[in-house]
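Report on one structure; see the data block that follows.
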Amino acid sequence: MKSLRSRAVVYGLVIALGLLSALPNLLSHNLSGKLPDWYLKNTVSLGLDLQGGSHLLLQADLEDLFSGERQAIAEELARTLREAGIRYGRALMIGGRVEVPVRQSDQLPEAANLARELARETPDGSRRFEVDQSGERLVLTLTEAWRESVSRDAVERSLEVVRRRLDETGLVDPSITRQGSDGILVQMPGVADPGEIRQLLGTTAKMSFHWVTREMGEGVAVFSLPGADGEGQYQLEKRVAMPGERIRDAQMAFNPDTSEPTVNFELDNEGARLFDDMTRDNIGRALAIVLDGKVITAPVIRSVIGGGSGEISGAFTTREASNLALLLRAGALPAPLHVAEERTVGPDLGSDAIAMGLTTGLLGAAMVIAFMVGLYGRWGLIACVGLTVNIGLLFGVLSLLGATLTLPGIAGIILTIGMAVDANILINERIREESRKGKPAWMALRQGFGKAYITILDSNVTTLIAVCRLPSVPGWQWAGAGICGHHWYWFVDVPVYRNCGYPADHGVANSGQGPGAVGDFRHRLAGQAQREGCELYACPRGRIAGIGGVVGGCHWPACPAWAEIRR
């Protein structure tokens, strides 16, 4: 009895906590105002297909990323060859390869060895590129393993940048997940027009600082970029004076003299030191601020700029300045993102889906309850109560995890209900089989649950394996609800149903259609035991425990009454 009470207390606490976790999903607005905010936030969010909103599938431009990687390798190799005193020509990008001419053929083997050493300068020692010789040229080709590593890292960093940008906009519960090898899926419930978000996410926001070349800038690699307003071209040094990654914070502000919107930025410690040195050594030169291949502004440095802060002005509107500050705070994307797919779900369609889901769910639940009660009576009612607790616990866990409910999720919950009913039917039918064999009620209960347990365990393990494989196929989102419901139904259906069932067996007739009356059996056994002179009920904990069991230290199967009753 002590064990039964302990289990009842444990199950009761778990069920109470689970139902309390699910309760905020059902509270009205009047009751919500009387409860703490941290508790009210413990709810299940509605997905895009239920609430309505926008769906964007972004695809990373990996070719642009690989092109930048090849350019970086060419610059590294040029610096290495220069330090080794090897004369070389201008690196060429041809068909996804880097070709570096070596002017003296006798230095070609040495240059190739230096390139192979450079290829292995990675944290894990893996080879970044293959080195071949073609005539008097070194041919460098990125390895497939390095391409996969670079693309994987770029997509992971892009996920974080996209997440920070959306957080800055104040969107509520956006869903950002990786899709395939180079895709990012963004779902924004409640957003009817994703145009501004699309533009925000599609902006790479790669900023850098370049010095504008002097008129007699001989020996310096230069390139030309247009201005942000589309007018004029700027001749800039190709070498980056300071990368935009040194910007720690950026905020929109207004120029006190002109009242025009500007962007004030702050640099980290290394950036502040670098900015101080470069402005001290280049007073009188123009410093161009480049964003995504366009020159925003190119002010002339009049004095040393210390303190690690600065101002970007460029005839911005308030919205443009605010977006630029947001992009600088969130960081630059490692690779450009292009919109591969865009969909918008209206709120009316979402409300229709919710109504349809509730209607079908309630109808299905009513049919299950009617079937179970009609076929199994009181035991069927106990099974339905356990099923209701199962659903409540499932929503409690989903609320605690901050999960998002979608139409596939509802399908997973309905599947969980079907699996739970199946377990109840197996248990009840097993008990019926044991009762038809003429076994006592307590023995039918014990063996019914025991024999059904293995079958239920096998079906659960098989289902769990199948559910774990679902993320590899389209429409797998209900797998989370299936896994969560799977574990809760295993907790509810067997232990809770069994512990609720044992007390209920006292009132069920032993008619061969279900568990019999254990109380009547006890009276028969007690009377027979007294006639045989066996002090069965003299034991301190005298009760039926099971075949071969011990009652309070008394081995009751040795009593002659047991042999008689068993016959």
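The values are calculated or read from the model by the stated rules, or taken from the named source; none is laboratory data. Please read all numbers here as calculations on a predicted model, not as lab measurements. When we count neighbours, we look across all protein chains shown, and the Cβ atoms used for this are built from the backbone with ideal geometry, even at glycine. Surface areas here come from the heavy atoms of the whole protein model, side chains and all, with no ligands, DNA or RNA. Shrake-Rupley method; radii C 1.70, N 1.55, O 1.52, S 1.80 Å.
Report the relative contact order of the stretch 164-251, percent, no decimals, based on alpha-carbon pairs under 8 angstrom and at least 6 residues apart.
Computed over the stretch 164-251, the figure is 22 percent.
What is the packing order of peptides 260-269, 392-401, taking the mean over residues of other C-beta atoms within 10 Å and listing the highest first?
Highest-to-lowest ranking by the protection proxy: 392-401, 260-269.
Would you work out the Kirkwood radius for the stretch 243-285? I mean one over the mean of 1/r across all pairs of different Cα atoms, in Å.
Evaluated over the stretch 243-285, this radius sits at 11.9 Å.
For the stretch 287-343, what is the accessible area per residue in Å², given a 1.4 Å probe and the full set of protein chains?
Accessible surface, normalised per residue, equals 45 Å².
Report Rg (one decimal) and Dmax (nearest whole number) for the stretch 260-332, counting Cα atoms only, units Å.
Rg, Dmax (Cα atoms, Å): 12.6, 35.
What does the convex hull of the Cα atoms of the stretch 388-463 come to per residue, in Å³, rounded to a whole number?
Convex hull volume per residue, Cα atoms: 100 Å³.
Run the quick spin-label model on Ile454 and Leu35: label points 7 Å from Cα toward the beta carbon, then report their separation in nm to one decimal.
4.5
Expressed as a whole percentage, what fraction of the accessible surface of the stretch 1-123 belongs to carbon and sulfur atoms when a 1.4 Å probe is rolled over the protein heavy atoms?
Of the solvent-accessible surface of the stretch 1-123, carbon and sulfur hold 55 percent.
Using a/c under 1.5 as the rounded threshold, could you call the stretch 124-242 rounded, prolate or oblate? The axes a ≥ b ≥ c are square roots of the C-alpha gyration tensor eigenvalues, and prolate needs a/b larger than b/c, oblate otherwise.
It comes out oblate by the Cα gyration axes.
Got a sec? What order do Tyr39, Tyr453 fall in by accessible area at 1.4 Å, biggest, i.e. largest, first?
I get Tyr453, Tyr39, largest accessible area first.
At a 1.4 Å probe radius, carbon and sulfur cover how many percent of the accessible area of the stretch 194-277?
46
In whole angstrom, and with the biggest value first, how far do the Cα coordinates of the stretch 327-429 range along each principal axis?
Here the spans come out as 66, 27, 19 Å, largest first.
Search the structure for amide H atoms under 5 Å from the amide H of Arg248, placed 1.01 Å from N in the peptide plane, and list their residues when 5 or more places away or on another chain.
Here the answer is Glu266, Leu267, Asp268, since their amide H atoms fall under 5 Å of that of Arg248.
Whose amide H sits under 5 Å from the amide H of Thr143, counting only residues 5 or more places off or on another chain, with H placed in the peptide plane?
Residues meeting the amide H criterion: Phe129, Glu130.
At a Förster distance of 22 Å, what's the computed FRET efficiency of Asp277 paired with Asn255, Cβ-Cβ distance as r, to 0.05?
E between Asp277 and Asn255, to the nearest 0.05, is 0.25.
Please compute the Kirkwood hydrodynamic radius of the stretch 193-336 from all pairs of different C-alpha atoms, in Å with one decimal.
Taking the inverse mean of 1/r over all distinct Cα pairs, the stretch 193-336 comes out at 15.8 Å.
With label points built 7 Å along Cα→Cβ from the Cα atoms of Ala366 and Glu429, find their separation and express it in nm.
So the two model labels end up 2.7 nm from each other.
Compute for the stretch 1-129: radius of gyration divided by Kirkwood radius, i.e. Rg/Rh, restricted to C-alpha atoms, rounded to two decimals.
My calculation puts Rg/Rh at 1.48.
Semi-axes of the stretch 217-261's equivalent ellipsoid from the Cα gyration tensor, sqrt of 5 times each eigenvalue, largest first, rounded to whole Å?
28, 18, 9
How much FRET efficiency would the formula 1/(1 + (r/R0)^6) give for Leu400 and Thr359, where r is the Cβ-Cβ distance and R0 is 30 Å, rounded to 0.05?
Efficiency computed from Cβ-Cβ geometry: 0.65.
Mind listing the phi-derived Karplus ³J(HN,Hα) values for the stretch 115-130, rounded to whole Hz, using 6.51, -1.76 and 1.60 with θ = phi - 60°, and x for any glycine or proline?
5, 5, 5, 5, 5, 9, 7, 10, x, 9, x, 6, 7, 7, 8, 8
Regarding the stretch 58-111, what is the average projected area of its C-alpha convex hull, in nm²?
The directionally averaged projection comes out at 4.1 nm².
What do you get for Rg/Rh of the stretch 29-96 when both radii come from the Cα atoms and Rh is the Kirkwood radius?
The Rg/Rh ratio comes out at 1.53.
Calculate, for Lys294 and Glu83, the FRET efficiency according to 1/(1 + (r/R0)^6) with r their C-beta to C-beta distance and R0 35 Å; round to the nearest 0.05.
0.50
Figure the gain on full extension for Thr143 and Ile465 (residue separation times 0.36 nm, minus the Cα-Cα span) and round it to one decimal in nm.
Length gained, Thr143 through Ile465: 112.3 nm.
Show me, bin by bin at 10 Å from 0, the whole-percent P(r) of the stretch 71-192 based on Cα pairs.
Distribution as computed: 12, 33, 21, 16, 13, 6, 1 percent.
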